Amino acid sequence: MDPYFNDDHRALIHRVRSFAEEAIVPVARELDHTSTFPWENVRAMGEEGFLGVPIPKAYGGQELDALSYLLVVQELARYDASHAITVSAHTTLGTTPILRFGTEAQRERYVPPLARGEVLGGFGLTEPDAGSDASRSRTRAIRENGGWRINGSKIFITHAGVGEIFTVTAVTDPERGSKGITNFIVTKPTTDPERVRQVGMGTEADLGYIDGVRAGKKEDKMGWRASDTRELLLEDALVPDENRVGEEGQGFINFMKTLDSGRVGIAALSLGIAGGAVDAALEYTNRRKQFGRLIFDFQPVQFRLADLATEIQAAKHLTYHAAWLMEKGRPFSKEAAMAKLFASELCMKATIEAVQVMGGAGYTDEYPVERMMRDAKVCEIGEGTSEVQRMVIARHLVKEMAEHM
Ligand code: COS
């Protein structure tokens with residue numbers, strides 16, 4: 001029995017697994033092959049409340065704790081990482097910046113449709129010349145008629161096509177570096193009008209779309225193929241000042257805070273993939289025989305799976321500890337980076353090992369581990385590469401050392 005979970009957490013895990021087995025398992029392979037966004041399942045996840053797990057009820061959410069949210073992401077990823085990143089990017093990146101840093105009017109207008117899963121959201125930070133070095137943003141916002149004229153391009157943006165509400169960064173004072181960056185809410189219509197009409201969610205025309213905000217080319221990705229990733233273009237977009245989120249110059253720091261939570265989400269997603277891969281390998285090696293005995297009965301296979309199970313347990317402690325700090329409102333930036341670093345590198349390793357012990361079968365799409373292996377790679381890249389996580393951790397170590405001197 002896991003000491004972190006209460007009965008509500010256990011019931012939630014059960015509910016997510018039942019949903020995934022019924023709705024995701026039958027279609028995950030096809031969605032991956034065709035790189036199709038799973039609109040029906042997204043609507044169903046909205047109905048289940050999975051698109052607003054930690055959001056207060058007053059704003060249309062479920063008002064569950066941080067661990068509940070992470071468990072939803074983790075359990076979805078056990079079956080399909082694309083569904084999990086859709087929930088994670090929509091919730092942490094798409095919804096929480098407005099909830100945490102927005103005005104009451106912004107919260108009331110934008111959070112309920114997001115938390116109820118009526119429209120999808122995202123956030124726009126990365127640019128062609130500003131990836132790991134996120135404060136090098138070139139997207140420019142210039143004051144005009146009491147609003148802001150914004151020009152620039154955001155790349156690798158989850159939901160840039162399917163989504164309608166985004167919080168983006170733009171430079172409002174180029175002289176001030178990371179302190180000259182501000183956040184704005186921008187809106188655009190979904191790129192899938194016919195599909196959203198069929199499924200009955202995904203668009204909200206009275207959001208009032210902003211001219212000049214549009215999605216660019218869809219990325220053809222190695223993994224997370226059923227999630228939507230595109231460029232988000234801001235072309236002479238006139239954004240009213242009432243869409244500014246937080247104070248001028250606070251945009252970079254607010255996005256860094258958002259990414260701290262996002263990184264714990266990626267740790268949970270990585271844990272889900274790793275757990276799914278080890279389960280698949282355990283099941284297969286306890287069924288298939290070679291040289292007259294079960295593959296699992298070869299000690300090197302047992303040792304590999306035992307090591308992975310141990311490391312998954314360690315990753316759980318790191319991730320749930322970061323969640324606990326987050327829930328208590330304590331600093332958790334270092335712990336988030338540690339959890340994300342360890343869990344994402346573990347999920348890459350676990351999926352490679354799962355394919356290896358399953359041999360030829362693991363390498364085919366008859367089993368989900370080859371997809372998991374492709375899905376794992378981006379966990380070491382998205383929401384800050386492993387190198388960025390190590391930079392963040394190292395900076396905390398130096399700071400802590402200075403504090404203790
Ligand atoms: N919480 C609160 N404040 C933070 C913060 C955090 N997690 N991280 C940085 N800040 C603050 C710093 O304290 C600093 O403020 P002061 O000047 O008042 O001290 C300010 O933000 C600038 O921070 P820093 O100097 O560390 O910025 P750098 O330009 O050196 O960037 C890294 C730091 C590399 C850590 C940052 O750019 C980063 O995380 N890059 C990766 C971005 C990323 O994850 N992209 C993926 C997006 S995909 S969704």
(request) Run down LYS349, LYS340 and say which single residue is within 19 Å of GLY272 (Cβ to Cβ), among the basic types (Lys, Arg) and within 16 Å of the ligand (Cβ to nearest atom). (result) LYS340
(request) Would you check which residues across segment 132-161 are more than 21 Å from VAL119 (Cβ to Cβ), within 11 Å of the ligand (Cβ to nearest atom) and aliphatic (A, V, I, L, M) and list them? (result) ALA134, ILE155
(request) Filter segment 106-120 down to the residues that are in contact with a helix residue (DSSP H, G or I) (Cβ under 7 Å, 6 or more places away or on another chain) and assigned to a helix (DSSP H, G or I), then identify the one that is farthest from ALA77 (Cα to Cα). (result) GLN106
(message) What's the number of the only condition in (1) within 11 Å of the ligand (Cβ to nearest atom); (2) out of contact with any Lys or Arg (no Cβ under 9 Å at 6 or more places or on another chain) that TYR320 fails to meet?
(response) (1)
(message) Looking at segment 281-324 only, could you name the residues that are out of contact with any Gly (no Cβ under 8 Å at 6 or more places or on another chain) and among the small types (Gly, Ala, Ser)?
(response) GLY292, ALA306, ALA309, ALA314, ALA315, ALA322, ALA323
(request) From the list ALA314, ALA268, pick out the single residue that is over 28 Å from GLY161 (Cα atoms) and either small (Gly, Ala, Ser) or surrounded by 21 or more Cβ atoms within 10 Å (Cβ to Cβ) (or both). (result) ALA314
(request) Take segment 263-307 and flag every residue that is more than 24 Å from TRP324 (Cβ to Cβ), of a type in the set (S, T, N, Q) and either in contact (Cβ under 8 Å) with a residue 60 or more places away in the chain or not in a helix (DSSP H, G or I) (or both). (result) THR285, ASN286, GLN290
(message) Just to be sure I understand, how many residues within segment 179-222 are in contact with a helix residue (DSSP H, G or I) (Cβ under 6 Å, 6 or more places away or on another chain) and of a type in the set (Phe, Trp, Tyr)?
(response) 1
(request) Just give me the residues in segment 353-375 being part of a helix (DSSP H, G or I) and either acidic (Asp, Glu) or touching a Leu at 6+ places or on another chain (Cβ under 9 Å) (or both), in sequence order. (result) GLU353, ALA354, VAL357, GLU370, ASP375
(message) Just to check your reading of the model, which residue among VAL87, VAL53 is buried (at least 17 other Cβ atoms within 10 Å of the Cβ), outside any helix (DSSP H, G or I) and at pLDDT 95 or above?
(response) VAL53
(message) If I filter segment 381-396 down to residues being free of Cβ contacts under 8 Å to residues at least 12 places away in the same chain and of a type in the set (A, V, I, L, M, F, W, C), which single residue comes out as surrounded by the fewest Cβ atoms within 10 Å (Cβ to Cβ)?
(response) ALA394
(message) Tell me whether segment 392-401 contains one or more residues that are under 17 Å from the mean Cα position of the chain (by Cα) and within 16 Å of the ligand (Cβ to nearest atom).
(response) no
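The values are calculated or read from the model by the stated rules, or taken from the named source; none is laboratory data. This one's a predicted model, so the numbers in the text were calculated from it and none came from an experiment. For neighbour counting, all protein chains shown are included, and Cβ atoms are generated from backbone atoms with ideal geometry for every residue, glycine included.
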